[in-house]
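Novice: This is the structure I have questions about; it appears just below.
Here, each number is a calculation from the coordinates, and none is a lab measurement. Only a predicted model underlies this, so the values are computations on that prediction, with no experimental measurement involved. Reconstructed Cβ throughout: ideal geometry from the backbone, glycine too, with neighbour counts over all protein chains shown.
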Amino acid sequence: MKFRGLKIAAMAVGSVALAGSLATSAQADDLDYTCNDHEVCNYRLTSYTGGIWDTGSDESNYVGWYFSNGYTLNDRTSSLKNNADIYDVAHYTNSSYSGYYLYTSTNSARSSLYSPYENAFSSHQF
Ligand SMILES: [Ca+2]
């Protein structure tokens, strides 16, 4: 199990209000299979179906993570939501934030993806 939340807490040191809400979000409702505020949510199939993977943190390598329906996360995202209140998110086709990337604005979503992004994401960063 990977440890989460430390990076968010460190990033938010400059803002007491943000530190509280983001740290709580990252620890309390990550991977609860609900797309909460502050989270990016990847879905196995289009139109936000087929299993969800939700987190409020950056993730540099999707290998080892799984959708709610048990499918491996790596190279399997077909739609996504960015519910992070103030952050755009970039999804990358390779691990460590490399390869092709796709920006999704805060509080927006993509009901389907297209080549070279469909079933290709391996990391994301707010
Ligand atoms: Ca959640």
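Novice: Which of the residues spanning region 55-76 are over 16 Å from Gly99 (Cβ atoms) and either touching a Phe, Trp or Tyr at 6+ places or on another chain (Cβ under 7 Å) or not polar (S, T, N, Q) (or both)?
Specialist: Within region 55-76, Gly56, Gly64, Trp65, Tyr66, Phe67, Ser68, Gly70, Tyr71, Thr72 qualify.
Novice: Would you please name the residue that is farthest from the ligand (Cβ to nearest atom), looking only at residues in region 46-59 that are on the phi < 0 side of the Ramachandran plot and surrounded by 15 or more Cβ atoms within 10 Å (Cβ to Cβ)? Quick ask: steps written out before the conclusion?
Specialist: If we filter region 46-59 for residues that are on the phi < 0 side of the Ramachandran plot, which is where we start, we get 46, 49, 52-59.
Keeping just the survivors that are surrounded by 15 or more Cβ atoms within 10 Å (Cβ to Cβ) gives 52-59.
Numbers: Ile52: 8, Trp53: 10, Asp54: 4, Thr55: 7, Gly56: 8, Ser57: 11, Asp58: 15, Glu59: 14 Å.
My answer is Asp58.
Novice: Moving on to the next point. Could you list, in sequence order, all residues of region 66-78 that are surrounded by fewer than 18 Cβ atoms within 10 Å (Cβ to Cβ) and without any contact (Cβ under 8 Å) to a residue 40 or more places away in the chain?
Specialist: Across region 66-78, the qualifying residues are Tyr66, Ser68, Asn69, Gly70, Tyr71, Thr72.
Novice: Let me confirm something: among Tyr43, Tyr62, Tyr100, which residue is more than 14 Å from the ligand (Cβ to nearest atom), surrounded by 16 or more Cβ atoms within 10 Å (Cβ to Cβ) and closer than 18 Å to Ser123 by Cβ?
Specialist: Result of the check over Tyr43, Tyr62, Tyr100: Tyr62.
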